[in-house]
1. Select from the range 3-40 the residues that are assigned to a loop (DSSP other than H, G, I, E, B) and among the aliphatic types (A, V, I, L, M) and write down the one among them that is surrounded by the fewest Cβ atoms within 10 Å (Cβ to Cβ).
2. Pairs please, first residue from the range 1-26 and in contact (Cβ under 8 Å) with a residue 60 or more places away in the chain, second anywhere and surrounded by fewer than 18 Cβ atoms within 10 Å (Cβ to Cβ) and of a type in the set (Gly, Ala, Ser), Cβ atoms under 6 Å, 6+ apart in sequence or on different chains.
3. Within the range 88-108, can one find any residue that is without any contact (Cβ under 8 Å) to a residue 24 or more places away in the chain, touching a Cys at 6+ places or on another chain (Cβ under 8 Å) and more than 16 Å from LEU18 (Cβ to Cβ)?
4. Going through the range 41-61 one residue at a time, which ones are surrounded by fewer than 14 Cβ atoms within 10 Å (Cβ to Cβ) and either hydroxyl-bearing (Ser, Thr, Tyr) or under 18 Å from GLY72 (Cβ atoms) (or both)?
5. Scan the range 40-55 for residues that are touching a strand residue (DSSP E or B) at 6+ places or on another chain (Cβ under 7 Å) and more than 22 Å from ALA68 (Cα to Cα) and jot them down.
6. When only residues in the range 144-179 that are crowded, with 20+ Cβ neighbours inside 10 Å and among the basic types (Lys, Arg) count, which is nearest to LEU214 (Cα to Cα)?
7. List pairs: first residue in the range 61-76 and modelled with pLDDT of 95 or more, second residue assigned to a helix (DSSP H, G or I) anywhere in the structure, Cβ distance under 6 angstrom, at least six positions apart or on different chains.
8. Does SER56 satisfy being assigned to a loop (DSSP other than H, G, I, E, B), in contact with a Gly (Cβ under 8 Å, 6 or more places away or on another chain) and in contact (Cβ under 8 Å) with a residue 12 or more places away in the chain?
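The values are calculated or read from the model by the stated rules, or taken from the named source; none is laboratory data. Note that the structure is predicted; figures quoted are calculated from it, not measured. So basically every Cβ, Gly included, is an ideal-geometry build from the backbone, and we count neighbours across all protein chains shown.
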Amino acid sequence: MPARLHALVVRTPDPERLSAFWDGLLADSDVPFLLAFEVSDQPRTGLNQIHFHLTSNSSSQDATVARALELGASHLDVGQLPGEGHVVLADPDGNEFCVLEESNSWLAGMGFLGELAADGTRKVGVFWAAALDWPLVWDEDGETAIQPPEGGIKIAWGGVPLNERHGRNRMFLELVADDLDAEVERLVGLGAREVVRHGDRAEMADPDGNEFWLRG
């Protein structure tokens, strides 16, 4: 059985503060994996490799932005153009996320947390489709996206050029497997690399070199 997506882990100097922010913003949302917060004193430099896309399907964009700001978010300029419909915000740690406009068709009908938008090549999107056994729902011009067979949240990769990497990623995926050794072997066969083993957990890297963890 393929590994299952268990959590998105976020490195932060203040797990309690960041957990309270996201618990408040995502309250009552159907998020199909855990958000876990891990203590780290790693400074934030540059854009993250993963960020959230929040939809306006169940609550207006203005209402979501106002609620996020009240909880401790701030507006963020990442070079977006004035005519773009989405609003870019930063959580209390400075991690960017987007609140999409009501007219967005790509995530029409999706839940509040509609997408994990990631920096990555087509090769890494194809890898994750095979790793999680999720079908590719987009594969054009180097951009890819996957989604569980039953529907729900999408994970998308924007293709090249990639953002400059600044040390370890502040966010990474954690998977669970029934048989750790067999799953490590399978993922390596798909193009991953095992970095180090810590008991029943293995640190790995996908074909783009992005860290992820697998635990038995």
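1. First pass over the range 3-40, keeping only residues assigned to a loop (DSSP other than H, G, I, E, B): 3, 13-14, 26-33, 40.
Add one more test, that the residue is among the aliphatic types (A, V, I, L, M), and what stays is 3, 26-27, 31.
On the way: ALA3: 24, LEU26: 16, ALA27: 9, VAL31: 14.
So the residue we want is ALA27.
2. From the range 1-26, the pairs are ALA7/ALA36; VAL9/ALA36; ARG11/SER40; PHE21/GLY72.
3. yes
4. Passing the criteria: THR45, SER58, SER60.
5. Taking the range 40-55 and keeping what is touching a strand residue (DSSP E or B) at 6+ places or on another chain (Cβ under 7 Å), we get 40, 42, 47-55.
Once the filter is applied, which keeps residues that are touching a strand residue (DSSP E or B) at 6+ places or on another chain (Cβ under 7 Å) and more than 22 Å from ALA68 (Cα to Cα), the range 40-55 yields SER40, GLN42.
6. Here the answer is ARG170.
7. Pairs found: ALA68/LEU25; LEU71/PHE21; LEU71/GLY24; LEU71/LEU25; GLY72/PHE21.
8. Values: assigned to a loop (DSSP other than H, G, I, E, B): yes; in contact with a Gly (Cβ under 8 Å, 6 or more places away or on another chain): no; in contact (Cβ under 8 Å) with a residue 12 or more places away in the chain: yes.
Against the criterion (assigned to a loop (DSSP other than H, G, I, E, B), in contact with a Gly (Cβ under 8 Å, 6 or more places away or on another chain) and in contact (Cβ under 8 Å) with a residue 12 or more places away in the chain), SER56 does not qualify.
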